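Asks: Let me begin by handing over the structure; questions about it come next.
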Amino acid sequence: MKIGIGSDHAGFELKEYIKQELKNMRIDFVDYGTNSTASVDYPDYGKLVAQDVAKGKLDRGILFCGSGIGMNIVANKIKGIRAASCYDLYTAKMSRSHNDTNILVLGGRVIGKELALEIVKVWLETPFEGGRHLERIKKIHRLEGNNI
């Protein structure tokens, strides 16, 4: 599995922590930046990861910003992306098992490092259940083609 990770300045420290843990878990990843706590615009980094997930260059992505909201909005603007901002183990598990999310978003200013790591582990390990949930995902994909 190949993961893309990216953050803005507010998510940088949490990204760096998770990056080290991904190395420890021997998970292949590409860091799209940012590379410091200097102020940047989160859409620039969220877009890069989301586009490469949508193109199939990456299997999944993990994005970090202050609250987890901004990056979530950005990622979900890219066709084929199902991003979820998760804040506990239940939302991480359900986002994968029922929604087949391909991008996880974490808020660096609202979640602790240890919990964030546990969320990442659950999110990476949880398979998509398919079945009735697949039909719902297909409905979401049909919405992407409509100008609502």
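The values are calculated or read from the model by the stated rules, or taken from the named source; none is laboratory data. Owing to the predicted nature of the structure, the values given are computational and were not obtained by experimental measurement. When we count neighbours, we look across all protein chains shown, and the Cβ atoms used for this are built from the backbone with ideal geometry, even at glycine.
Asks: Scan segment 21-35 and tell me whether some residue there is at positive phi, of a type outside the set (K, R) and modelled with pLDDT of 95 or more. Before you say what the answer is, go through the steps one by one.
Replies: Applying the first criterion (at positive phi) to segment 21-35 yields 26, 33.
Restricting the remaining residues to those that are of a type outside the set (K, R) gives 33.
Checking the rest, the ones that are also modelled with pLDDT of 95 or more come to 33.
Yes, there is a match, as at least one residue in segment 21-35 is at positive phi, of a type outside the set (K, R) and modelled with pLDDT of 95 or more.
Asks: Quick one: in segment 45-56, of everything that is out of contact with any Phe, Trp or Tyr (no Cβ under 7 Å at 6 or more places or on another chain) and in contact (Cβ under 8 Å) with a residue 12 or more places away in the chain, which residue is surrounded by the most Cβ atoms within 10 Å (Cβ to Cβ)? Write out each step before concluding.
Replies: Quick first cut of segment 45-56, residues out of contact with any Phe, Trp or Tyr (no Cβ under 7 Å at 6 or more places or on another chain) only: 46-47, 50-56.
Subsequent filtering for residues that are in contact (Cβ under 8 Å) with a residue 12 or more places away in the chain retains 46-47, 50-54.
Details: G46: 31, K47: 18, A50: 29, Q51: 19, D52: 18, V53: 24, A54: 17.
Only one residue tops the list, namely G46.
Asks: Under 18 Å from G68 (Cα atoms) and among the β-branched types (V, I, T) - does that describe any residue in segment 113-121? Explain how you work it out, then say what you get.
Replies: From segment 113-121, those under 18 Å from G68 (Cα atoms) are 113-121; that's our starting set.
Checking which are among the β-branched types (V, I, T) leaves us with 119-120.
Taking every residue of segment 113-121 in turn, at least one turns out to be under 18 Å from G68 (Cα atoms) and among the β-branched types (V, I, T).
Asks: I'm checking my understanding of the structure. Among residues of segment 1-27 that are basic (K, R) and out of contact with any strand residue (DSSP E or B) (no Cβ under 7 Å at 6 or more places or on another chain), which one is surrounded by the most Cβ atoms within 10 Å (Cβ to Cβ)? Steps first, answer last, please.
Replies: As a first pass, look at segment 1-27 and keep what is basic (K, R): 2, 15, 19, 23, 26.
Adding the requirement that they be out of contact with any strand residue (DSSP E or B) (no Cβ under 7 Å at 6 or more places or on another chain) leaves 23, 26.
On the way: K23: 11, R26: 6.
Here the answer is K23.
Asks: Anything in segment 57-72 that is aliphatic (A, V, I, L, M) and surrounded by 19 or more Cβ atoms within 10 Å (Cβ to Cβ)? List them, or say none. Before the answer, list the steps.
Replies: Going through segment 57-72, the residues aliphatic (A, V, I, L, M) turn out to be 58, 62-63, 69, 71.
Hits for segment 57-72 are L58, I62, L63, M71.
Asks: Do you know which of the residues in segment 112-148 that are more than 17 Å from K19 (Cβ to Cβ) and among the small types (G, A, S) is surrounded by the most Cβ atoms within 10 Å (Cβ to Cβ)?
Replies: The selected residue is G130.
Asks: If you check L89 against the conditions, is it touching a Phe, Trp or Tyr at 6+ places or on another chain (Cβ under 8 Å) and surrounded by 13 or more Cβ atoms within 10 Å (Cβ to Cβ)?
Replies: Spelling it out, it is not the case that L89 is touching a Phe, Trp or Tyr at 6+ places or on another chain (Cβ under 8 Å) and surrounded by 13 or more Cβ atoms within 10 Å (Cβ to Cβ).
Asks: Examine segment 11-33 for a residue that is part of a helix (DSSP H, G or I) and of a type in the set (F, W, Y), and state whether such a residue exists. Lay out the reasoning, then the answer.
Replies: Filtering segment 11-33 down to residues part of a helix (DSSP H, G or I) leaves 11-24.
Narrowing further to those that are of a type in the set (F, W, Y): 12, 17.
Within segment 11-33, one or more residues are part of a helix (DSSP H, G or I) and of a type in the set (F, W, Y).
Asks: Looking only at segment 89-114, which residues are without any contact (Cβ under 8 Å) to a residue 60 or more places away in the chain and farther than 23 Å from L58 by Cα? Spell out how you get there, then give the answer.
Replies: Taking segment 89-114 first, the residues without any contact (Cβ under 8 Å) to a residue 60 or more places away in the chain are 89-105, 110, 112, 114.
Selection gives L89, Y90, V110, G112, E114.
Asks: Further, regarding this structure: Which numbered condition in (1) within 14 Å of the chain's Cα centre (by Cα); (2) under 16 Å from Y17 (Cβ atoms) is the only one that D59 fails?
Replies: Against the list (1) within 14 Å of the chain's Cα centre (by Cα); (2) under 16 Å from Y17 (Cβ atoms), D59 comes up short only on (2).
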